[in-house]
Each structure stands twice: as C-alpha cells, then as structure tokens.
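Notes follow once the structure below has been shown.
The values are calculated or read from the model by the stated rules, or taken from the named source; none is laboratory data. Model, not experiment: these values are computed from the prediction. No Cβ is skipped: glycine too gets one built from the backbone with ideal geometry, and neighbour counts run over all protein chains shown. Heads up: the accessible areas ignore ligands, DNA and RNA and are worked out on the full protein's heavy atoms, side chains in. Shrake-Rupley method; radii C 1.70, N 1.55, O 1.52, S 1.80 Å.
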2 protein chains.
Amino acid sequence: MTDRREFRDLASPEEARAVVDSLDVDPGTETVALADARDRVLAERVDAALDVPGFDRASMDGYAVRARDTFGAGEATPETLELAGTVHAGEEPDVTVESGAAAEISTGAVMPAGADAVVMVERTTETDDGVEIRTAVTPGENVMLAGADIAAGARALGPGTRVTPREIGLLAALGVDEVRVRSRPRVGIVSTGDELVRPGEPIDSAAGEIYDVNSDTVAAGVEDAGGEPVLYPHAGDDFDAMERLLHEAADECDLVLSSGSTSASAVDVIYRVIEERGDLRLHGVAVKPGKPMLVGTVGESAYVGLPGYPVSALTIFRTFVAPVIREAAGLPEPRTATVTGEMAVDERYTEGRLRYMPVGLVEDGAGTTLVYPVDKGSGATTSLVDADGTVAVGADTERLPAGRRVEVTLFSPDVHVPTLFGVGEDDPLWNRLLDRVETPRYLPTGTADGRRRLREGVPDVAVVSGPSTDDEPGERLGDWDREWGLAVAPDSDVTDLAALVDGEYRFVNRDAGSGLRRSFDAAVDALADERGVAPGELTDAIDGYGLTTGATERPARKVAAGEADAGLALRATAATLGLEFVPLGTERVRVLANPDRTGKESVERLRTLLGDLDDLVASLDGFEG
Amino acid sequence: MTDRREFRDLASPEEARAVVDSLDVDPGTETVALADARDRVLAERVDAALDVPGFDRASMDGYAVRARDTFGAGEATPETLELAGTVHAGEEPDVTVESGAAAEISTGAVMPAGADAVVMVERTTETDDGVEIRTAVTPGENVMLAGADIAAGARALGPGTRVTPREIGLLAALGVDEVRVRSRPRVGIVSTGDELVRPGEPIDSAAGEIYDVNSDTVAAGVEDAGGEPVLYPHAGDDFDAMERLLHEAADECDLVLSSGSTSASAVDVIYRVIEERGDLRLHGVAVKPGKPMLVGTVGESAYVGLPGYPVSALTIFRTFVAPVIREAAGLPEPRTATVTGEMAVDERYTEGRLRYMPVGLVEDGAGTTLVYPVDKGSGATTSLVDADGTVAVGADTERLPAGRRVEVTLFSPDVHVPTLFGVGEDDPLWNRLLDRVETPRYLPTGTADGRRRLREGVPDVAVVSGPSTDDEPGERLGDWDREWGLAVAPDSDVTDLAALVDGEYRFVNRDAGSGLRRSFDAAVDALADERGVAPGELTDAIDGYGLTTGATERPARKVAAGEADAGLALRATAATLGLEFVPLGTERVRVLANPDRTGKESVERLRTLLGDLDDLVASLDGFEG
C-alpha cells in the first residue's frame, strides 16, 4: 500500500479563506485600446486633458444672436434681425454677429463671435428683411459653454473604475483611445491523473479513461472572474513531468491551479512537488464538497490545488479562488444573487463540517420557490447542471425539515428557476418535447423514482412507463406508445422471448426502477403463466437477467460492442445503433402532472404540446419513436 | 433654410418596441470550440453520446470485493480476503476477483471482473494473509455504475441553454469539444456628421470638431448584449459616401445602427438613404431622452437610427435595441437590477411623454437610498457616468415630491451605489484624495452649488473655497490652503492686480459660482477700498471681467493659447500649463460633511485622510498643490 496522505487537521473555511487571500496574485497593469477596455478596471485616475465641449456650442438648430437684441421679443412683438451668415456643425464660423444681426446655426456648431445665445428655429421665420425672432432669450440660452460638460484638468474617472459602455462614452468624449488598466491575472491550469483524456480525443473506457472535466470548467470560471486561463498539457502521474509543468506554469502565471485526478497517487505527486519546490501553507479544508484543497506557492507564483471531483473543484474554485482572481483583476465582488425558498423535503446531515449543499429550485403553483437537494454522489458531473445554487448548511445543523425557509446562493445572477421540473423515464420523444419548453429541467432517473418524487410533491411532472399501477399519482397530461423489445445483432437467433429464455445467450437487462424493465418482467410473467411455471424459473434461465443498468441505451450498446447477444431496448435505440430489433410489446408512456402545478404556465404548455402530439411527431425530421 | 424634418407623429414606446421587435436580426448558428463556448447559447439539443462514467468506477480508495464475502464483517469480526492484485485509475484491470478474494483499487479505477463493491481503505488492514475487512458492504457500495452519471442517449442540454462553466463541465464529461451555438448578431455601426473625430486623432475645436462618442459606446453596448460590433469608417455628411457605407454595412451585418451627429443635415442624409434604398417603418418615439429614432430596413438588414446625443443614444439603445440583439443571440433578458429609494429633492416634469430620468444614488446615514435626478442638459457626456440608473416617469406624472419612493432600474446589476457623494469646488489635491476612497462620485460644479446642495441634504460632503460665510453648512472635516492668482505668459507686464485693472489686458474670469472667483472679487473689493472707489469701477476697467467660464483651467488655457493676457488660476494650474503665475492670495479649501452622514464609513475614511494630509501630500509624487 502506498503511503497515502490523510488530511487529519482540516482548516476551517475562515482559515482557508485567509490563507488564500494572503497569496500574491497581483498581475500589474497594461495599456489597452479603448475598444478593448470594456469590463476592464482602470489602473489610474483619468483627468480630462481638454474641455468638453471644446468650444461654446449651439445646442439647438436656430439662430445665434446677442441675447440683448431679443429682449422684448414675443409672438405678438417679433424682432427682426439682419441675417449675417450661416454656421454648420464641424466648421469654423466665418461670421461675427454684431448687434442687430443673427447667424443661422446648426445644433453642435461653434457659436460665432459676438453671439451669446441661440433662438430655436421653431420660434423664428425667415423673411426678405432677415429673420423674425418671436421669443426672448437670455445670455447662454441654448448654448453649452466650453468645458461645461467636463473641464480640462477635472477628474474624469478614478482608479479602480470598471469600464462599462458609459465610461467608454466619457473616455471617447475626452479623445482617449487607450487606457491603463489592471492586467488580467494569468491563471495556469495543470491537470493531473493518468486516466484523464482531453474532450474530443478518443477514450478507452475499458482502461478506466475519463474525460478531463475540470480543466475546461475551471478555465471558464477563471474567465468569468476576470482572469486569463492558460491550459497546460495534461501531465499524467509522472513526477518529473509534473514538476516541469508546474514550474513552467509558475514562471508564466500569477496563479497556478492544479486539478483533475481524484486518485491519491496523483495528489501525492503534486504534494511532493509543492513541498520540494514551493511552500505548502494549507492542506485540507472542512467544507463539503471540497475537503482536499492545497494552498501554497510554487516559485514566484501562488498555487491552489483543487479537489478532483468536478463539483468539489468548482465549489472550491467559486468559494475560495474566484474572489482572489477578481480582487487581483480589480473587479468588485458580484452582487450575490440569492433566493429564499422552502425546503421541499427533509434533509439530514451529520458530517460536522460546513456544507455547501447543491440545490435545485422549482416554483409551486402559488409561486413559492421550493428547494430540493441535488446529490448524485461524489463525482457526478450532471450535478453541475442539475443544481441552481447552494445552501450553506452549518457544521452544527443536523436536519433541515421540509418547509424550513432557507437562503439559496445562486451560482450566478443569470440563473433562472427552470420553468418546468420533471423526473422519470428516459424517452426519445419526450426529449424532443422538452426542446419545445423554455428552460426545462428533467432528471431521467426512471419510472419508479419519478412516481416516488411526484408523490413527495417536488417535481411538476413525472414521466412513467411500464404497467400502470392502480394508484398512479398525479393527473395524466398526455401519453403515447412506444415499442420495446430486444436489440440483437443482425442474423441473431434470438427471435423472441422464448428463444432468449431457452437458448444460451448473454442478455443485458435494465434496472428495476425503469418502466421498460417492468414491461419486460410482465412479459416474462405472461410467458411463465403460459408455460405454467414460476417466473423465477424463466429469469434464472436468462443469463444476465440480474445484470442491470440504469443507462437507457447501455444494453443495446453492449450488443453493438459484441459483449452481449441481446439487450432490453426501445425500437428507436436499436435503430439508432444499427441493430436488429425483436419487438416484444408496446408500452404506454404517461406524463403525470403534480396536481398542485396544473395551471402553471409550463405545465399547460406541455398539455397543449401533448394534445398535438401527432403534429409534433410529423414535424420531427427523421424521428423514429 | 434647408427643409428640416420634424417628428410630428411620435410613436408610443410600446409601438416603437413592437416595430423594433418585428425586425429580423436572426444571425443563424455556428460551431465553436468548447473553450470558446462560454456565454454562448446552444443552438440545438446535446444528447449524451456515451455513458458517464463509461465503466463501473470505484468511488473510494480501498478494496474491490464481492459484497457477499463481507457479510458479517465488522470491527470485532474482521473477515480476511486473499489479495488478488491491484487496479489503478487509468488502467485496464488484469485481475478477476473470485469469491474470497479482494483487489486493491484506487478512486476512479475500473472495477475488476467479479467485484461488485468497494470497502474503503480506512476499514481495512493489510496482513501477511491478505487484507482484513472490518465492515460489511452491500452490492454497488462505493461504486458508480457505468452511465449512472449520465447515460448514452440521454438528453444532456437543451437548445437555448446558456453555456456557463457548469455546462462546460458536463460537455467536457461527454467528450464534446465543439458545440453548435447561436451566432452573435453582427451589428454595423455607422457614424455620421462632419464634426466627428475618432478618439486618439487630433481635434480642431475652433472648427467645432468633437470626438465621436457614440460609436465606441454603442459598440460596447452591443458586446454587452451578446452582439459583435463592426465599426465602419466615419462618413461625414456626404450623401454618396453615406449611401455606400450603409449598403456595405447592410450587406455584412444583421443589424445596422447609425449614430453620431445631432445636426439636422446629417440626419437628413440618413433619412434619404433609408427612404430611397430601404423601408422606413418608424421615425420618432415619445420618450425622453431619445425622441429622434429611426427604425426600418436597408437592403436585407435591419436598421435603427439612434439619436445623436450620447445619453439619448445609449438610452434608446438600451431600451429598444439591446433586447433585440439579446433575443437574436439567444440570451435571456438580464435579471433587471432595481433599487427602491426616496426622492432626495422635488422633481417637476411637464413634457407629456415617458421619461427615463437619469438618477444618481446616495445612501444616507441610516442606510436609506436617496435618489436625485442627474440632468446636465442635452449632449452632456458626463451624465453617462454621473447617473446610476433611471426612473421611468410616466407621461402623466408632473411632479415627484421629495420623499416619494421610486424604483430605480440600475444601468446594470454591477452598478454599486457610490460610497461617497460630493459636490463643489474643483481642486487638484482633492482629486488626489478621492483616489484613496473606494468608488466615490464627485461633481465639480463649484463652491456655490456645493453649498446649496449640502443645504438640501443630498451629498455626503461639499467642498468649498473662497471667503467663508457665517452660516457655512455642515461639519468641517478638514481643510488646506491653495495659492491663487493670475496665470500669465512669460515676461508678462501683468505683475499684480493693480496692473490688471490699470492696464489694457484681456482677462478671463471664472464663473460666479466658483470659490476662486469669490476670492478674486474679495481682492478687487480690497483694492477698491484701498483706492476709495466702488468695486464696480475696477471691474468695469478689467476687460473680460464678465467673460467667465465654469471650467477650472480654461482661463489659464486661454492664456496658453495666446487668446488672453491673464487668467484667474491656481498656482498648480499655471505650473501644469507652463505659464508664469502672479500670486494674489491664498484661500482655504474646506471639506464640509453633511451632518446626517458623519459616521458613514466613507465620510470617516475621509476624515482620517484629511487628518494625515501632510503625509498624503508627501506621498504624492511630483504633486504641486
């Protein structure tokens, strides 16, 4: 057994935050063009180098006059002034307005010498004698004096100002075409673990390879926080390669994050490099998810080691690392978006450390936000998108009862509560239906789970298949039939259920929670009945009856891979995978609504879609249900 | 007089929105790499093409066993299993676990054949005989089954999903390295008007040139909304050039925005091009700011003409155009950030059309948000940054009394209420002081305005200079002296105030609201007193006494430009501009706090800074106060 490190002395979240905050991630400053300044942060004060406007400027179309000449003018008592000339915007006036005269002027044009006000064109009439003025103006009226907007020397924008379109407007007005801003901190991302493969490359599942989730996820998080991510090539578990990579990253970056493997040996490698070539300031923090976190330095760079599981890595990144990157980039903490809701179910928790509990949100019929925990187990990447935010559960809290009001910190202010939340059977047509609903969330955890959760009252709808139960919960919104049977290789001898039972074939079944499996079991029962034997006799005769999977297409995929002779499947799946299909029956897929949620816009939308199912299927290009 | 178009039949805001919404700005779809997918919007559903995990995966470090072999095992009744081998993450198991055996396994490794559970390492001990198991496990315990995270064929992400780090995580887990997303709508920006100059280029103020504010501002707004801005070269007012440009932009973009000049002739040119080559669907909308808005098509592209004034242009852009760009990009409307506050002053409004009133925010001592209108007049670009959001004032609302609760729509969710709001005299040292305060807002509108507004109770502090008044408002937080006098050309004969009065010199004064001017008037009064004449006699003798400016450095700049012989100035200003300085006196700059705001963190911060003023000045590299 290798010498595995344990994190016996976990730091408190506050200690961890203090240690991470103590890291020096300052990226310095740089000069960027105005067009690239959006969302950057000014590194220094910008003073106006010129007056805006740079000249006394007409702010109306009309006539530039000496205000004194208009005193007494009115609709009934017009004053006629001699027309001395015209001034357009963008040209130097070649006219002087003497007493008794006026010059035609455009909005934005330079006030001609002598004039001190503008009469708007609507209150004038040109005549053969000149221009008739039908209103009195005061000195300065309809004129913006030079520097009145902002004066040369005035403080225009302070250091630390975030540049939005509004600041760009002011900088442009000042003629500024480049600004000094805080640099984006460069954040190196080093992934470790022999089992990791970059997305897009082929993967060998039999050898335990998985795609590298954390590199891209954390890189996107770095960008969100105002940093510039630098992805380093994948290092495996080789100590020398890892050491070289970490040093390269430390030389080139302000902060290095390592991330990837959950295996102890990969973590060991990192641990040794940091201890030998850097300074390890913290290992392990008492939060869930996220315990295994390393903080220190490598060379001149700051270093944080993220846990291997994606949800843990992103939680630690968000909670401890993103604030440091934002601070270094000069960006303010984002306005935390929080939502208050009621726990939809009981939640128990007894691990005695702070937990950021991932939760999903759903609105009930009355508009109350319900909060349910999302916990698909360590390492599940779907938890990333099945949750909307987290509830901080203190180390001392052992139970959150249903109905308890909790505050949810949304993952970002852009997170919207899904309009529709459903749970249940996976089905190809249903997946297409969901495309027609705005921002739905659907957890394909099977018929049994859908039924159970609908009874608990959490989802808006459940989708079930297989034999009906007498006490089917909810209100049926609609249904359709689907053909199920066995996916087999071309030219297979498995031609019906009896052949499967009686022959020597390797079969792959679905899990007991799926509706498809219930349909299969009903067919087995019927055959047993026909033969006058106990169903167990038949199932015992099927090699692989107990070999189940929750993955819809997996039985068929096993067949396609040559690892099995027959798999429980839908006709659609067999077709997709290019397999033969032995039909064993038809089952009805039912969409059941939570009775409290009918009337909810998304549920009614679904009811309408289900009412036009034939039209929908017809519109699905190449769809085989 | 040219035939100027009037917008007599203004559309209602609702009509305008409907017309803009009817434009076709759909940019189609494109494929981007996963690393570039952040903040993009999926154009189509992504189904899982593989099971995740792709194999039955150990989720703990420990020993892979047959669960049945552990039944009955406990701390007091350990069960010893034969050690059959080892499986690391990222390798294909070369061991089969028979009954009575166990294989060492790392987190993330492939479960070896025969094994159906993992015993965590902490509950085991390796001995000479094999491995001692001190707990019972159930089948599947500490194992994540293939496809349990997400199964091949399952719906992973729906069309219309915005890609955040979480979605990137799921896509990476599925091995997806590129995704089909909505294209960003290309938005062409054409600026018009002979008077416009691009920032960074030299400007001729005497010829009425100004910097083009709208192009960069609107471009940044387009990016914020998820579009891709394309800036076209500036077109002037030339009909043929403008026509060519608009057509080029229409050919290359989904939407063309024209923006820039406020002059009627430039608007006329656009108007003619649209009428001749496109389809004009709307001109003029009844909102303030923003009345002159054009909506239609040019060739195959949608077209919106924005008003010329920057605040109007940005308001129209935000209100009508940004939602259309977001919709085309597939982005949701951002969660509107609103703040409720109390009107700090009375506001009257009688124009009878919907007004988006720009407002600033300040917190009073009790934490209540106060709302004050920001209206620096048409065309002021500083209004862009002096406001935090807008209050929609209905066409029928004629008055918003002080104390009325109003809802402010912030310009963006990132807008934070400035920590410190001050009004008053412009001063170089004060500008430096502000650099030490987080996100301050300061309006350098002069001593008189500062005093007036402090009496109204709106700002946190006012900065005043010139002679003290008996009833100076507020509490003095601190003060410093500054030298003032005349900025003159080198070798000038203006050596003192008497010379200015008695000689023939062109003088430039400051406006009556500035403290500096009050100090100057006091000096004139003193000289008149000394001479036994009325002050008016002396001021009449100064050529330009009535020629005033609100721009701090402008009098000195007039001298530097050779357009005047003497200008009222600070020593610091004369030094900055390389002029000689004739000292006439010293005045005290006082920082006065709103009595209700002492105790506010930023005000106390200021009090501390003012207490260490000598230190601060010493730290200012090269500062001449």
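When the P(r) of the range B:57-144 is calculated, the portion above 18 Å amounts to 30% of the C-alpha pairs.
In this structure the amide hydrogen of A:E178, modeled in the peptide plane, comes within under 5 Å of the amide hydrogens of A:L34, none closer than 5 places in sequence on its chain.
If you take the square roots of the eigenvalues of the alpha-carbon gyration tensor of the protein assembly as shown and sort them as a ≥ b ≥ c, do you get rounded (a/c under 1.5), prolate (a/b over b/c) or oblate? Here the protein assembly as shown falls in the prolate category. What is the sum of charges around B:E363, taking Lys and Arg as +1, Asp and Glu as -1, for the other residues whose C-beta is under 13 Å from the C-beta of B:E363? Spelling it out: positives minus negatives among the neighbours equals -3.
Once every Cα of the range B:494-625 carries one equal point scatterer and solvent is ignored, give the base-10 log of I(q)/I(0) from the Debye formula at q = 0.11, 0.14 Å⁻¹, two decimals. Relative scattering, expressed as log10 I(q)/I(0), comes to -0.51, -0.74. Applying 1/(1 + (r/R0)^6) with R0 = 25 Å to the Cβ-Cβ distance of A:E44 and A:R335 gives a FRET efficiency near 0.45. Computed from phi, the 3J(HN,Hα) profile of the range A:305-322 under the Karplus parametrisation 6.51, -1.76, 1.60 (θ = phi - 60°) reads x, 8, x, x, 5, x, 5, 5, 4, 6, 5, 4, 4, 4, 6, 10, 8, 4 Hz, with x in place of Gly and Pro. In straight-distance terms, cross-link reach from A:K288 covers every one of the lysines whose alpha-carbon lies under 20 Å from its own, apart from those fewer than eight places away in the same chain; here that gives A:K376.
Inter-label distance, B:R476 to B:S22: 6.6 nm, where each label sits 7 Å from its Cα along the C-beta direction. With θ taken as phi - 60° and the Karplus curve 6.51 cos²θ - 1.76 cosθ + 1.60 applied, the whole-hertz 3J(HN,Hα) list for the range A:351-360 is 7, x, 9, 3, 10, 8, 7, x, 9, x Hz, x standing for glycine and proline. The protection proxy used here, the mean number of other Cβ atoms lying within 10 Å of each residue, ranks peptides B:486-494, B:313-321, B:451-459 as follows, highest first: B:313-321, B:451-459, B:486-494.
Here the accessible area is traced with a 1.4 Å probe on the protein chains. For chain B, carbon and sulfur cover 43 percent of it. Mean partner shielding of peptide B:140-150, defined as the number of other chain Cβ atoms within 10 Å of each residue Cβ, is 5. Here's how it looks for B:E347: its modeled amide H is under 5 Å from those of B:L400, B:A402, which are all 5 or more places away or on a different chain.
Restricting the GluC sites (Glu not before Pro) of the range A:503-564 to loop positions (DSSP other than H, G, I, E, B) with no more than 13 neighbouring Cβ atoms within 10 Å leaves A:E504, A:E563.
Considering only beta bridges that DSSP places wholly inside the range B:57-144, some 75 percent are antiparallel. Counting only other chain Cβ atoms within 10 Å of each residue's Cβ, the peptide B:289-295 averages 0. Full extension of the segment from A:A366 to A:A526, taken as 0.36 nm per residue of separation minus the current Cα-Cα distance, would add 53.1 nm.
Interface A-B: total buried accessible area of about 9000 Å², 1.4 Å probe, protein heavy atoms only.
When DSSP beta bridges are restricted to pairs lying wholly in the protein assembly as shown, around 65% turn out antiparallel. With Cα atoms defining each centre, the range A:358-407 and the range A:507-558 are spaced 35 Å apart in the structure. Here's the picture: charge each Lys and Arg Cβ at +1 and each Asp and Glu Cβ at -1 in the protein assembly as shown, and of A:A235, B:V359, B:S106 the one pushed furthest to the positive end of that dipole is B:V359. Distance between the C-alpha centres of the range B:74-89 and the range A:294-332: 37 Å, rounded to the whole angstrom. Less than 5 angstrom separates the built amide H of B:L50 from those of B:G153, all sequence-distant by 5 or more or on a different chain. Derived scalar couplings between HN and Hα for the range A:535-540 equal x, x, 4, 6, 5, 5 Hz in order, rounded to whole Hz, by the Karplus curve 6.51 cos²θ - 1.76 cosθ + 1.60 (θ = phi - 60°), x for Gly and Pro. Taking all protein chains together and a 1.4 Å probe, the residues A:M357, A:M144, B:M60 rank B:M60, A:M144, A:M357 from largest to smallest accessible area. Positive contributions from Lys and Arg (+1) and negative ones from Asp and Glu (-1), summed over other residues with Cβ under 12 Å from the Cβ of A:L497, come out at -4.
Based on protein heavy atoms only, the range B:57-144 ends up with 43 Å² per residue of surface accessible to a 1.4 Å probe. Label chain B by shape, choosing from rounded, prolate and oblate, from the square roots a ≥ b ≥ c of the eigenvalues of the Cα gyration tensor; if a/c is under 1.5 it is rounded, and otherwise prolate applies when a/b is larger than b/c, oblate when it is not. It is prolate, given that a/c is not under 1.5 and a/b is the larger ratio.
The mean number of Cβ atoms from other chains found within 10 Å of a Cβ in peptide A:116-122 is 1, as a whole number.
For the range A:263-363, DSSP calls about 85 percent of its internal beta bridges antiparallel. A protection proxy built from the mean count of other Cβ atoms within 10 Å ranks the segments A:414-425, A:608-619, most packed first, as A:414-425, A:608-619. Per residue of chain A, the DSSP helices (runs of n ≥ 4 H) give a summed -39500 (n - 2.57) that works out to -7000 deg cm²/dmol at 222 nm. Taking a Cβ cut-off of under 14 Å around B:G352, the surrounding Lys, Arg, Asp and Glu residues balance to a net charge of +3, with basic ones at +1 and acidic ones at -1.
For the range A:273-363, GluC sites (Glu not before Pro) are listed when DSSP marks them as loop and at most 14 other Cβ atoms sit within 10 Å of their Cβ; the list is A:E300, A:E351.
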